[in-house]
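Q: A single structure is presented below for examination.
Where a number appears in this text, it was derived from the coordinates with a stated rule and is not lab data. Since we're looking at a predicted model, the values are computed, not measured. Cβ sites come from the backbone with ideal geometry, for glycine too, and all protein chains shown count toward neighbours.
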Amino acid sequence: MDYSTPQNVFRQHPNMRLRNTSIDGSDGSQLFDDTSGATPASQMGYKNQQAGPESAAYPGQSLLSDPMSNLAMAYGSSLASQGKEMMDKNLDRFIPISKLKYYFAVDTVYVGKKLGLLVFPYMHQNWEVNYQQDTPVAPRFDVNAPDLYIPTMGFITYILVAGLALGTQNRFSPELLGVQASSAFVWLIMEVLAVLLSLYLVTVNTDLTTIDLLAFSGYKYVGMIVGVVSGLLFGKPAYYLSLLWCCAAIFIFMIRTLRLKLLSESAAEGRLVRGARNQLRMYLTMSIAAAQPIFMYWLTCHLIR
Amino acid sequence: MLMAFTLYSLIQTAILCTNAIAVLHEERFLSKIGCGVDQAVGGFGDDPGVKAQILNLIRSVRTVMRVPLIIVNSVSIVLLLLFG
């Protein structure tokens, strides 16, 4: 039995994965940089900066020397903070805001590297996500981690570029922007639901969350934007060429990323593993990756005439 | 080529698909094609297989979504009558 497992052991089922328990930053793994420049007491994220101002702590405010208004101010601020707490607690039940924060902890270097990976994934060697004591590292520290910033920005940019493309063909009207946005959004949701359903049917034990799948499905917008912009600038052949390139790139990217998450350990390392289950998983990975180029073509071909 | 999808059409699709799964009758149809409850694989192994998963899904949709589907269908019928 080998007890000396290497440090970057390939983890597929970490139990008790929590994405954001260490949001305080007291153990050094802050999600967001502290740019407030204030005392260490205000290092609990940016929430504290919005807390009701403590009137008693502000020196030199002559308006508040009156004890009555002091009292009123203190009461009002306590009410406000109470209401804010209650709203936060209830909102957190419906939309996991704290989990979402993990996906937006990016910085410029990460975004640059990730965009480069999405367009040219052929040179990248190590596709594993680094873990730090069972929680995945924030995206800014690991280029393989999925994030939601690029998909969101890509979606919005795609809508704007679609409006631009329609405008150059004199087919633009403001309602069309909304129609484009909602139909692309609907396709995205249907794709995520289809992937979730197929993951359930094949009983893959994976630690991919729904938001992860949303992030992976949103990465194709980058390729779509590149294709449409080059089609606008250089005409139809350029559109087809760049779309082909981006489709191939996204295909390879998805396969290499999903391979580590969906397939069993030995299959992911490239060894041929027999068995119906592994075959099914392989088909699943292939079909998820193949759906991306199809969607990319489907959502952009009507923009370039 | 422009598919004018709205969010409302997505909701309609979801309602129709769930209705379709919920109306599969147990003894008139599912048993005939070998998907009945008594024929389901009840193994506790770690590989239920695709067919067992589908059967589980159908059965759970039938039990869980019965009452909410009644409500949602009535609401959408009323909305369709009022707003076309």
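Q: Sort B:13, A:108, A:152 by Cβ crowding within 10 Å, fewest neighbours at the top. Write out the running numbers ahead of the final one.
A: Working: B:13 13, A:108 8, A:152 16.
The most exposed by this proxy come first: A:108, B:13, A:152.
Q: Moving on. Just to be sure I understand the curve: with the Debye formula and one point per C-alpha of segment A:150-303, what is log10 I(q)/I(0) at q = 0.08, 0.15, 0.20 Å⁻¹?
A: One equal scatterer on each Cα of segment A:150-303 leads to -0.26, -0.79, -1.20.
Q: Continuing with the same structure: Can you tell me how much longer the chain between residue A:87 and residue A:137 gets when fully stretched, taken as 0.36 nm per residue apart minus their C-alpha distance, in nm with one decimal? Please list the in-between numbers first.
A: Numbers: separation 50, 0.36 × 50 = 18.00 nm, distance 2.86 nm.
Gain on extension, residue A:87 to residue A:137, equals 15.1 nm.
Q: In what sequence do A:224, A:254, A:282 fall when counting other Cβ within 10 Å, fewest first?
A: Values: A:224 27, A:254 23, A:282 16.
So the ranking, lowest neighbour count to highest, is A:282, A:254, A:224.
Q: Considering the alpha-carbon set of segment A:100-200 alone, what are its Rg and its Dmax in angstrom?
A: Values for segment A:100-200 (Cα only, Rg and Dmax): 17.1, 55 Å.
Q: I'd like the FRET efficiency for residue A:193 and residue B:26, computed as 1/(1 + (r/R0)^6) with the beta carbon distance as r and R0 of 30 Å, rounded to 0.05. The partial results should precede the final answer.
A: Working: r = 26 Å, r/R0 = 0.86.
Rounded to the nearest 0.05, the efficiency is 0.70.
Q: Then there's this: If neighbour count is taken as other Cβ atoms inside 10 Å, put A:182, A:287 in order from fewest to most.
A: The order, fewest Cβ neighbours first, is A:287, A:182.
Q: Per 5 Å bin, what is the whole-percent P(r) computed from every C-alpha pair distance within segment A:188-259?
A: Result returned by the calculation: 3, 15, 20, 20, 15, 11, 8, 5, 2, 0.
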